[in-house]
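Working notes, beginning with the structure itself.
The values are calculated or read from the model by the stated rules, or taken from the named source; none is laboratory data. Treat the numbers as computed from the prediction; the structure is a model and nothing was measured. Neighbour counts are summed over all protein chains in view; Cβ atoms, including those assigned to glycine, are modelled from backbone coordinates with ideal geometry. In case anyone asks, the SASA skips ligands and DNA or RNA and just uses the protein heavy atoms, side chains included. Shrake-Rupley method; radii C 1.70, N 1.55, O 1.52, S 1.80 Å.
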Amino acid sequence: LVALTVAGIVGLAAVLTRSAENITDGSEGGLIDAPTVSPRSYICDRNDTLTTDHTTRYQAFQSAIESSLKESTPFFFDEPCSPYDLALTWIADYDNLDLSPTETTRINQRFAVGLLYYSTTLSSDPNVTRSIDPLIFQLPSTKHECTWTGITCDKNSSIIGIELSGLKLEGSIPNEMPPLLPVLKILDLSENDLGGTIPSSLFSSPKLVTLDLTSNKFSGPIDTMDWKTENLERLILHNNELSGTIPASIASLKHLLELDLSKNRFSGPIPDAIFNGRQLRKLILRDNNLTGTLPVDMASTLKHLDLTENNLKGELPMKLFNLRQLVILELSSNGFVGTLSDQIKNLQNLEALVIRNTRIRGPIPSSIATLPILGTIILEENRLTGTISPDFGNMPALVQLSLSSNSLTGSIPTQLGNLSFLTFLDLYQNRLSGTIPTEFSKLTQLKMLDLSANMLTGEVSPEVCELRQGYLIKFSADCFKGGEVVCSCCECVD
């Protein structure tokens with residue numbers, strides 16, 4: 001049961017009001033004044049004797065709503081003080097708009113937002129911070145719902161957007177809400193504390209374009225029904241407690257641009273068809289328990305691919321190195337094997353390459369140095385061998401280079417001193433030999449330099465040590481007592 005105090009913690013519509021000077025009319029989302037709360041919620045809080053006797057208007061409104069939801073799962077108006085009962089009591093008996101029982105479309109829409117309101121509460125955690133003071137809000141009953149903050153309507157006063165991010169709402173999304181909002185395009189309830197399962201009715205919401213439920217506590221599977229949201233472009237369920245498999249039906253969403261299911265508990269293989277979305281730009285599945293191998297084919301439209309922290313295995317398919325629109329590639333902490341193909345040179349739009357903690361072996365292709373806007377290279381904790389190509393010094397956009405914990409040999413190329421924007425250089429734990437290049441003195445933006453656990457020798461030049469007078473915070477080398485490197489400005493590693 002959802003019980004709310006007159007002046008206390010309230011949910012959805014509680015955050016949908018502000019001051020009178022901000023009132024707006026028309027089709028855009030706005031703000032309203034003079035909120036009130038349903039007296040029935042006050043009665044519920046007082047623990048007075050409850051009754052299932054309802055007014056004639058209540059019964060007429062119930063009939064209208066049930067008719068619209070005839071294909072939905074059963075719900076219980078007759079349970080006193082349930083979210084359904086409270087929302088219907090408010091709209092039938094306490095709402096100053098005084099809708100007619102024949103205004104079915106208006107009733108459905110207003111009931112839908114009232115139902116979401118009574119299904120949620122604002123967190124009572126005193127440590128929660130939010131941009132809106134919850135104590136000044138109550139359930140509005142004097143203005144059209146299109147004027148509530150967080151709600152956007154079209155020119156026909158039909159709700160097309162509900163955007164209530166970061167309010168720390170607790171509760172759940174009622175399954176009956178989406179069917180009552182047939183033209184809803186945007187549902188953004190990210191950064192809250194909502195839980196329960198994701199309503200299956202959202203899987204077939206006909207006009208939905210964006211569904212963002214990031215950083216909540218939703219649990220359970222999302223594969224109980226086929227996804228038929230044909231207009232969906234962005235499906236973002238990051239950082240929840242969802243489980244089960246990734247449904248193959250998502251691949252049939254022909255307009256899907258972004259799919260983010262990261263930081264959940266999904267398991268099993270990734271359906272091959274997911275990688276071949278017609279317009280897919282972002283595929284982010286990191287931090288799950290996904291298994292299997294990558295498919296031979298992938299959508300040429302991909303710009304961001306992140307499969308980090310899963311249990312994937314096998315060789316990286318050649319097709320991966322032909323995704324010419326790719327900007328970010330992150331494959332860390334998986335069981336991938338094989339080598340990095342020289343065809344990586346095709347990724348001319350790549351800005352970040354992050355493949356750490358895998359079983360990738362062999363040399364680092366020198367062709368990586370031909371990527372003109374590559375700013376981040378993280379290839380640490382692999383089984384890479386061979387030398388570091390001097391051509392890496394010809395990468396003007398490079399900001400971060402981490403090749404630590406591999407088996408690289410040879411000397412450190414002096415050409416790395418040409419990387420004027422480099423801020424992070426980590427060559428820890430390899431088999432590098434020779435001296436530390438004096439040319440590093442030109443790396444004036446450098447903040448971290450780790451050359452320890454190698455076979456370097458010689459004295460670090462005073463010019464390189466002068467970097468400690470600038471941005472360089474950490475400089476590690478094997479200069480402990482008896483070590484081969486002489487350095488007056490390093491953190492010496494034993």
Requested in this report: Check Ser300 against each of (1) over 24 Å from the mean Cα position of the chain (by Cα); (2) modelled with pLDDT under 95; (3) open to solvent by 40 Å² or more (accessible area, probe 1.4 Å) and name the one condition it does not meet.
Outcome: (1)
Query raised in the report: Where residues in region 203-227 are outside any loop (DSSP other than H, G, I, E, B) and either of a type in the set (Ser, Thr, Tyr) or at pLDDT below 95 (or both), which of them is surrounded by the most Cβ atoms within 10 Å (Cβ to Cβ)?
Result: Phe203
Query - Complete set of residues in region 449-464 that are open to solvent by 20 Å² or more (accessible area, probe 1.4 Å) and farther than 20 Å from Leu408 by Cα - result: Glu459, Pro462, Glu463
**Report entry** region 393-407, subset open to solvent by less than 10 Å² (accessible area, probe 1.4 Å) and out of contact with any strand residue (DSSP E or B) (no Cβ under 6 Å at 6 or more places or on another chain), residue nearest to Asn454 (Cα to Cα)
**Finding:** Leu403
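Lys474 - would you say it is under 43 Å from the mean Cα position of the chain (by Cα) and within 18 Å of Ser402 (Cα to Cα)?
Values: under 43 Å from the mean Cα position of the chain (by Cα): yes; within 18 Å of Ser402 (Cα to Cα): yes.
Spelling it out, Lys474 is indeed under 43 Å from the mean Cα position of the chain (by Cα) and within 18 Å of Ser402 (Cα to Cα).
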Report summary line: By residue number, the members of region 465-494 that are part of a loop (DSSP other than H, G, I, E, B), open to solvent by 40 Å² or more (accessible area, probe 1.4 Å) and aliphatic (A, V, I, L, M) are Ile473, Val493
Query raised in the report: Mind checking which residues of region 317-339 are more than 24 Å from Gln279 (Cβ to Cβ) and open to solvent by 10 Å² or more (accessible area, probe 1.4 Å)?
Result: Ser333, Asn334, Gly335, Val337, Thr339
Query raised in the report: Only one of (1) touching a Ser or Thr at 6+ places or on another chain (Cβ under 6 Å); (2) at negative phi fails for Met448. Which number is that?
Result: (1)
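Can you say whether Ile250 is in a loop (DSSP other than H, G, I, E, B) and either free of Cβ contacts under 8 Å to residues at least 12 places away in the same chain or touching a strand residue (DSSP E or B) at 6+ places or on another chain (Cβ under 8 Å) (or both), as far as the supplied structure shows?
Details: in a loop (DSSP other than H, G, I, E, B): no; either free of Cβ contacts under 8 Å to residues at least 12 places away in the same chain or touching a strand residue (DSSP E or B) at 6+ places or on another chain (Cβ under 8 Å) (or both): yes.
The answer is no for Ile250.
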Query - Hits in region 428-448 (condition: part of a loop (DSSP other than H, G, I, E, B) and either in contact with an Asp or Glu (Cβ under 8 Å, 6 or more places away or on another chain) or open to solvent by 30 Å² or more (accessible area, probe 1.4 Å) (or both)) - result: Tyr428, Gln429, Thr435, Thr444, Gln445, Lys447
Report task. Kindly indicate the residue of region 268-288 that is open to solvent by 50 Å² or more (accessible area, probe 1.4 Å) and not in a helix (DSSP H, G or I) and also modelled with the lowest pLDDT among those meeting that condition. Result -> Arg278
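Among the residues that make up region 383-392, is at least one of them over 22 Å from Leu416 (Cβ atoms), open to solvent by less than 10 Å² (accessible area, probe 1.4 Å) and not in a strand (DSSP E or B)?
no
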Query raised in the report: Can you name the number of the only condition in (1) within 18 Å of Leu294 (Cα to Cα); (2) without any contact (Cβ under 8 Å) to a residue 40 or more places away in the chain that Glu330 fails?
Result: (2)
**Report entry** Candidate set: region 173-194, residues that are under 18 Å from the mean Cα position of the chain (by Cα), free of Cβ contacts under 8 Å to residues at least 40 places away in the same chain and surrounded by fewer than 21 Cβ atoms within 10 Å (Cβ to Cβ); chosen: the one farthest from Asn231 (Cα to Cα)
**Finding:** Glu191
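Just a yes or no: is a residue in region 228-240 surrounded by fewer than 17 Cβ atoms within 10 Å (Cβ to Cβ), over 24 Å from Lys303 (Cα atoms) and touching a strand residue (DSSP E or B) at 6+ places or on another chain (Cβ under 6 Å)? Lay out the reasoning, then the answer.
Residues of region 228-240 surrounded by fewer than 17 Cβ atoms within 10 Å (Cβ to Cβ): 228, 230-231.
Then drop every residue that is not over 24 Å from Lys303 (Cα atoms), which leaves 228.
Those left that are additionally touching a strand residue (DSSP E or B) at 6+ places or on another chain (Cβ under 6 Å): none.
Checked region 228-240: no residue is surrounded by fewer than 17 Cβ atoms within 10 Å (Cβ to Cβ), over 24 Å from Lys303 (Cα atoms) and touching a strand residue (DSSP E or B) at 6+ places or on another chain (Cβ under 6 Å).
State all residues of region 463-482 that are within 14 Å of Leu446 (Cα to Cα) and in contact (Cβ under 8 Å) with a residue 24 or more places away in the chain; if no residue qualifies, say none.
First, pick out the residues of region 463-482 that are within 14 Å of Leu446 (Cα to Cα): 463-476.
Within region 463-482, Glu463, Val464, Cys465, Glu466, Leu467, Gly470, Tyr471, Leu472, Ile473, Lys474, Phe475, Ser476 meet the criteria.
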